[in-house]
Amino acid sequence: MDDLAASAVRFITDPHSQQVGDLTMFARLAVEKPVLKAGPVWIVSRHDLVCALARHPACVVRLPDRWRHAPPLNPSVSRLLEGLLPVLPTPDHRRLRRLLAGQFSARSVERLRGAVVRIVTELLAGPLRRGSCDFVKDVCLPLPVYTTAALLGLPDADRGQLLAWAQAVNGMVLAEVTGRVGGAGGGPRNPGVDRLGELVAYIEELVRRRTADPGDDLISRLAAETATEDGHLDHDELVSTVLLLLMTGIDTVGSGLANVVTVLGRNREAWALVVADPSRAGAAYQEALRLLPPLPVMSRITEADVEVAGLTIPAASTVLLVYGAANLDPRVFPEPCSFDLARLPTGQLAFGHGPHHCLGASLAVLQGEVVLAALARSAPWFHVGAGPRRRRDELAFHSPAELPLWLRAEPPGCRRQVSA
């Protein structure tokens with residue numbers, strides 16, 4: 001195995017092997033090693049091949065058998081994992097996705113703009129007064145949960161509890177899939193198990209109330225969904241959908257936003273264009289995500305032999321789709337490692353591709369656009385703190401765990417004249 005192949009395998013198996021923002025390995029991988037076999041795992045990096053496999057009916061998303069059948073798996077966690085929309089059997093996945101898609105269209109999401117602006121203003125108020133913050137803790141973590149609460153029509157008073165629940169449950173799920181949840185084998189009980197029960201009870205009651213007395217919110221709209229030839233969301237599916245909405249955005253949206261600010265902190269000329277015209281914030285968000293997606297690698301399991309680039313990937317193989325490398329394929333993105341604010345987002349894979357393209361992509365873009373526009377107006381001279389910093393240690397996420405940010409309204413060294 002040559003150095004490039006070894007670097008790719010190391011990156012995928014060791015979350016600390018690459019620094020956040022190092023694009024060199026991915027850029028080479030898409031060109032030099034479009035298909036790479038590393039033991040039982042196939043790594044695919046070229047844009048057209050990644051897209052083809054992401055759409056291929058024999059390449060499916062599912063939980064590995066060792067997770068589903070491991071004895072220590074807590075039953076409630078097992079039900080949660082097996083009920084995730086991406087890992088449902090294809091007919092159920094298609095039916096539920098079709099029912100949900102209209103609620104997350106760009107037009108539907110735009111109705112939330114006012115709420116997102118208010119949330120971002122609230123979250124940035126303290127940091128702007130202080131002149132600094134940990135951007136991950138103060139903005140990236142609460143923003144997606146608060147936005148989802150607004151989407152669901154939940155009271156502001158519940159947001160803090162929802163954030164605590166979402167963090168505990170997400171931590172439990174990540175621990176479960178790496179074999180660290182206790183409770184079934186005599187080890188210490190993960191607190192997320194109890195928090196999951198509390199959150200499910202909260203959602204159950206919420207769904208009952210909204211079904212009986214609907215309002216203008218997502219839960220009410222889904223509860224009133226008219227039957228189609230595929231049927232409609234039943235009570236359990238609606239509860240599961242709300243649960244997943246509260247869980248899934250916190251990591252992907254938060255990690256993506258941290259990466260976006262990291263990229264813009266290094267591309268000051270592009271950021272200056274956003275400051276001059278904040279309407280370009282959405283384009284800046286998407287281009288930064290192309291360069292540094294929070295989930296650069298996603299997996300598929302082959303249910304049959306699959307042909308790719310003249311090679312046969314056998315059935316029951318694990319295939320890793322390297323979206324982060326496909327986003328740097330020069331065949332699709334000229335000068336792929338450069339930040340180009342005029343580049344159209346067409347073809348970029350930060351939100352996935354095919355039947356598993358992120359349903360909440362429009363909502364994520366709205367949140368990122370509002371945050372960047374707010375920074376452009378209030379802290380145009382923001383600066384990312386120097387020096388090493390912790391990064392997330394979960395294998396899936398490629399983003400910082402902390403991001404010190406200095407929020408400046410004026411250039412460094414500039415001092416206002418204050419009269420007595």
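The values are calculated or read from the model by the stated rules, or taken from the named source; none is laboratory data. These numbers come from a predicted model, not from an experiment. We place every Cβ from the backbone using ideal geometry, glycine too, and count neighbours over all the protein chains shown.
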Exercise for the section: Sort out which residues of region 276-310 are out of contact with any Leu (no Cβ under 9 Å at 6 or more places or on another chain), part of a loop (DSSP other than H, G, I, E, B) and modelled with pLDDT under 95, and write them in order of number. Expected result: LEU295, PRO296, GLU303, GLY310
Exercise for the section: State all residues of region 263-302 that are buried (at least 22 other Cβ atoms within 10 Å of the Cβ), in contact with a helix residue (DSSP H, G or I) (Cβ under 8 Å, 6 or more places away or on another chain) and under 30 Å from PRO89 (Cα atoms); if no residue qualifies, say none. Expected result: LEU289, PRO293, PRO294, PRO296, ARG300
Problem - Among (1) exposed (fewer than 14 other Cβ atoms within 10 Å of the Cβ); (2) at pLDDT below 80; (3) assigned to a helix (DSSP H, G or I), the one test that ARG94 misses - result: (2)
Problem - Yes/no for LEU174 being of a type in the set (A, V, I, L, M), assigned to a helix (DSSP H, G or I) and either in contact with an Asp or Glu (Cβ under 7 Å, 6 or more places away or on another chain) or at pLDDT below 65 (or both) - result: yes
Practice task
Counting only residues that are in contact with a strand residue (DSSP E or B) (Cβ under 6 Å, 6 or more places away or on another chain) and at pLDDT 60 or above, give me the helices (runs of 4 or more DSSP H) lying completely in region 13-75 with at least 1 of them.
Solution key: 47-55
